[in-house]
Amino acid sequence: MPEIQLRGAAVAFREEGRDRPGTPILFAHCSLAHSGMWKPILAALAETRPVIALDMPAHGGSSPPPAGESLQLFARDACAALAQRFGRPAHLVGLSLGGATLGRLAIQRPDLAASLTQLEPVWFHLLDASDAKVDGERDFNLRMREMGEAGDWRGAVKLFVETWGAPGGFEAMGEKGQAHAMRALPPLVADFEMVSGHPPGQIEREDIRSLAMPVMLIHGETTDPKAKAALDEIQACLPQARRREIPGAGHLSPVTHPEAVLAELQSFFADAETPASAA
């Protein structure tokens with residue numbers, strides 16, 4: 001896989017359709033995954049346009065963020081560097097951690113975004129601090145941190161995968177997948193305030209309201225309630241955003257239901273690329 005260097009760290013990515021004329025697309029994946037999760041969707045869309053899917057920092061072939069840097073903030077800068085390779089605005093499509101990262105990029109670099117699709121972004125900080133769902137997320141991250149500090153990163157990964165994936169998902173990863181996840185989880189746990197808290201640089205509601213490009217919000221029918229609740233908060237800020245549910249899907253809809261997600265993306269892109277005068 002090709003890679004770029006950013007502040008001394010490697011950022012690996014998949015690239016297809018480089019010379020095709022359509023509006024480009026940049027994909028960002030969820031925690032403990034890698035760019036390969038987008039392969040069926042990426043291959044279909046690359047028939048008409050350039051597409052890039054990066055390995056998020058500390059995932060796949062990418063290095064961890066530089067020492068002392070937030071994983072999510074570094075990921076935003078990595079996505080900006082890759083989006084600039086297109087030479088024109090791109091559709092931004094992200095799942096979970098990738099959704100939060102590309103949402104941040106669209107807010108802070110709207111010149112790079114032709115549209116934004118957020119599949120269950122981990123912006124749980126938008127939920128009411130007294131909400132039991134927020135307390136549950138903080139407890140979840142604290143438990144993973146405690147397990148890691150005790151040297152049980154394997155157990156922490158199993159907890160994460162079977163909470164956000166499906167029962168048996170950890171064993172299905174195999175030894176190679178488990179090793180990859182154990183490498184990726186520590187910097188994610190260290191950065192959990194960017195998921196549930198309000199540290200400096202956090203995205204807030206007024207930032208979301210500034211989004212002027214077309215926006216689509218997607219969730220799986222059976223996903224975690226707090227993932228839907230976070231999308232409800234985003235939609236309250238962006239009542240014009242398109243909202244779609246993927247029937248039968250959980251949190252990982254691009255992996256488990258790629259055809260349904262692809263169909264929603266193709267419809268959304270077609271509308272986003274239609275000039276207002278022709279609509």
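The values are calculated or read from the model by the stated rules, or taken from the named source; none is laboratory data. What you see is a predicted model, and the numbers here were worked out from it, not measured in a lab. Glycine also receives a Cβ, built like all others from the backbone with ideal geometry; neighbour counts cover every protein chain displayed. Ligands, DNA and RNA are stripped out before the accessible areas are found, and what is left, the full protein with its side chains, is counted by its heavy atoms. Shrake-Rupley method; radii C 1.70, N 1.55, O 1.52, S 1.80 Å.
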**Message:** Can you give me the % of accessible surface on segment 72-192 that is carbon or sulfur? Probe 1.4 Å, all protein chains present, nothing else counted.
**Reply:** 53 percent
**Request:** Go through [x] 18.6, 59; [y] 18.0, 64; [z] 17.6, 61 and flag the label whose value is the computed Rg and Dmax of the Cα atoms in Å for this structure.
**Result:** [z]
**Fill in**
For S62, other-chain or 5+-apart residues with amide H closer than 5 Å (H placed, Pro excluded) are A12
**Asked** Could you work out the helix-only [θ] at 222 nm for the chain, with each DSSP H run of four or more residues adding -39,500 (n - 2.57) and the total divided by the number of residues, to the nearest 500 deg cm²/dmol?
**Response** -13500 deg cm²/dmol
**Request:** May I ask you to give the percent of accessible area on segment 228-274 that is carbon plus sulfur, with a probe radius of 1.4 Å?
**Result:** 50 percent
**Asked** For segment 10-54 and segment 85-111, what is the separation of their C-alpha centers, rounded to whole Å?
**Response** 13 Å
**Complete:** For the chain, longest principal axis from Cα atoms; helix 132-149 axis from its Cα atoms; angle between them, nearest 10 degrees, is 60 degrees
**Complete:** Relative to the compact-globule estimate 2.2 N^0.38 Å (N residues), the Cα gyration radius of segment 1-87 stands at a ratio of 1.05
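Which of the peptides 200-206, 101-107 is most tightly packed, and how do the rest follow, going by the mean number of other Cβ atoms within 10 Å of each residue?
Numbers: 200-206: 12.9, 101-107: 25.9.
Ranking, from highest mean packing down: 101-107, 200-206.
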**Message:** Please give the charge dipole size of segment 145-258, origin at the Cα centre, charges +1 on K and R Cβ atoms and -1 on D and E Cβ atoms. Round to the nearest 20 debye.
**Reply:** 340 debye
**Probe 1.4 Å, accessible area per residue of the chain, Å²** = 41 Å²
**Complete:** To the nearest 20 debye, the chain has a Cα-centred charge dipole, built from +1 on Lys and Arg Cβ and -1 on Asp and Glu Cβ, of 580 debye
